[in-house]
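The values are calculated or read from the model by the stated rules, or taken from the named source; none is laboratory data. Since this is a predicted model, take the numbers as computed values, not measurements. Cβ atoms come from the backbone with ideal geometry, glycine included; neighbour counts cover every protein chain shown. Side chains are part of the model used for accessible areas, which takes the heavy atoms of the whole protein and leaves out ligands, DNA and RNA. Shrake-Rupley method; radii C 1.70, N 1.55, O 1.52, S 1.80 Å.
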Amino acid sequence: MKIFNDINSLRKILSRKQPIAFVPTMGNLHAGHLALIKQAKQLTDNVVASIFVNRLQFLPHEDFNRYPRTLDDDCRLLSELNVNIVFAPNEEILFPTKQEFLLALPSVADTLEGEFRPGFFRGVATIVLKLFNIIQPDIAVFGKKDYQQLYIVQEMVRQLNLPVEIIAGETIRAHDGLALSSRNQYLNAAQRSEACQLYQILLQIKREIISGHQDFLSLQENATQHLTGRGWKVDYIRIQKRSSLMPAQTGDDDLVILAAAWLDKTRLIDNLEL
Ligand code: AMP
């Protein structure tokens with residue numbers, strides 16, 4: 001396995017490989033990331049994983065500085081999966097000067113995550129586009145765990161005619177249902193055992209919709225009250241249309257429930273398709 005920091009030598013190696021599947025990450029790899037890598041490996045032997053904690057997608061008060069950075073462990077896990085190429089640039093490589101060109105995004109990027117983390121998707125889309133330009137993958141794999149991110153990347157590829165096929169990976173969960181996330185390690189023991197309630201409430205909403213409840217606003221409100229009563233601070237719990245990520249109306253059947261909520265200082269997100 002080769003680890004690259006530099007763009008030119010990475011490009012030189014990649015020019016001889018085809019097709020290329022790309023899995024972008026911020027590192028601190030867990031079984032969720034590794035499932036995406038395995039999915040990529042099934043499509044081609046030429047898998048590139050990137051590890052880069054992207055400053056552009058963090059607000060000034062967010063956890064950019066304390067985000068876990070574990071490059072050695074990550075590379076060990078990737079080499080166990082026979083990943084050939086890791087791109088782990090430092091900031092000077094990707095941002096040799098201030099990144100002043102930033103993408104303008106559609107209004108869906110101002111909803112849900114974007115409502116609570118203004119500029120987040122602009123930062124994500126800009127770095128994904130840069131990485132696509134550097135690596136020029138044929139395929140890129142993104143997790144459904146970050147459902148709105150996956151949607152926005154798919155829209156970016158479609159609307160900007162990028163020659164890359166986006167593949168979605170299912171969310172990998174802990175034994176109690178909590179979606180794996182690098183941020184789970186911020187939780188103390190009591191918070192960790194409470195954390196699975198986020199997924200439980202998504203399951204509860206799904207059950208209620210399947211059994212005929214169509215008043216989506218009251219389902220959202222009840223779920224919010226339930227978590228708030230257990231000590232959570234809920235940013236949103238929303239029932240949206242999968243095709244547009246706009247609020248679902250009675251009768252819609254392509255639904256996804258998306259949620260973000262805080263346990264003390266840790267923000268967790270999750271979602272569930274119907
Ligand atoms: P991150 O390192 O958090 O930027 O995530 C890198 C990629 O891994 C993204 O496409 C995420 O959606 C995906 N991912 C993160 N957690 C999970 C999970 N629990 N299951 C599946 N994919 C995940």
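Computed values, structure above
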{"read-out": "Theoretical ellipticity at 222 nm over the chain - DSSP helices of four or more residues, -39500 (n - 2.57) apiece, nearest 500", "value": "-11000 deg cm²/dmol"}
{"read-out": "Gaussian network model of the chain, Cα within-10 Å springs - most flexible of HIS33, HIS61, HIS226", "value": "HIS61"}
{"read-out": "Accessible area (Å², per residue) of the range 2-169, counting only protein heavy atoms and a probe of 1.4 Å", "value": "48 Å²"}
{"read-out": "Check: the chain dipole with +1 on Lys, Arg Cβ and -1 on Asp, Glu Cβ, in debye", "value": "600 debye"}
{"read-out": "Of ALA179, ALA189, ALA40, the one that fluctuates the most in a GNM where the chain has Cα springs shorter than 10 Å", "value": "ALA189"}
{"read-out": "Residue order for LYS98, LYS206 - accessible surface, 1.4 angstrom probe, largest first", "value": "LYS98, LYS206"}
{"read-out": "Listed residues ARG11, ARG242, ARG183 arranged by accessible area, highest first, probe 1.4 Å", "value": "ARG11, ARG242, ARG183"}
{"read-out": "Efficiency of FRET between ASP73 and THR250 - r from beta-carbon atoms, R0 41 angstrom, step 0.05", "value": "0.30"}
{"read-out": "Carbon + sulfur, % of accessible area of the chain - ligands and nucleic acids excluded, 1.4 Å", "value": "51 percent"}
{"read-out": "Among LEU102, LEU56, LEU150: highest mean-square fluctuation, GNM of the chain, C-alpha pairs under 10 Å", "value": "LEU102"}
{"read-out": "Area of LYS2 that stays accessible when all protein chains are in place (1.4 Å probe, Å², to 10)", "value": "110 Å²"}
{"read-out": "Relative contact order [Cα under 8 Å, 6+ residues apart], the chain, whole percent", "value": "17 percent"}
{"read-out": "Calculated over the range 1-82: convex hull of Cα atoms, volume per residue (Å³)", "value": "107 Å³"}
{"read-out": "Under-5 Å amide H pairs with ALA140, H placed in peptide plane, nonlocal only", "value": "PHE22, GLU165, ILE166, ILE167"}
{"read-out": "Top positive-direction residue, dipole computed over the chain with Cβ charges, set GLY114, ALA248, PHE87", "value": "PHE87"}
{"read-out": "Accessible heavy-atom area order of THR97, THR25, THR111, highest first, probe of 1.4 Å", "value": "THR97, THR111, THR25"}
{"read-out": "Net charge dipole size for the range 121-270 [Lys, Arg +1 and Asp, Glu -1 on Cβ; Debye, nearest 20]", "value": "440 debye"}
{"read-out": "Cα convex hull volume per residue for the chain (Å³)", "value": "133 Å³"}
{"read-out": "Shape call, the range 54-100: gyration tensor on alpha carbons, a/c limit 1.5", "value": "oblate"}
{"read-out": "Three-way shape label, the range 103-184, alpha-carbon gyration tensor, a/c 1.5", "value": "oblate"}
{"read-out": "Chain lengthening between PHE101 and ALA190 when straightened (0.36 nm per residue, less Cα-Cα)", "value": "27.7 nm"}
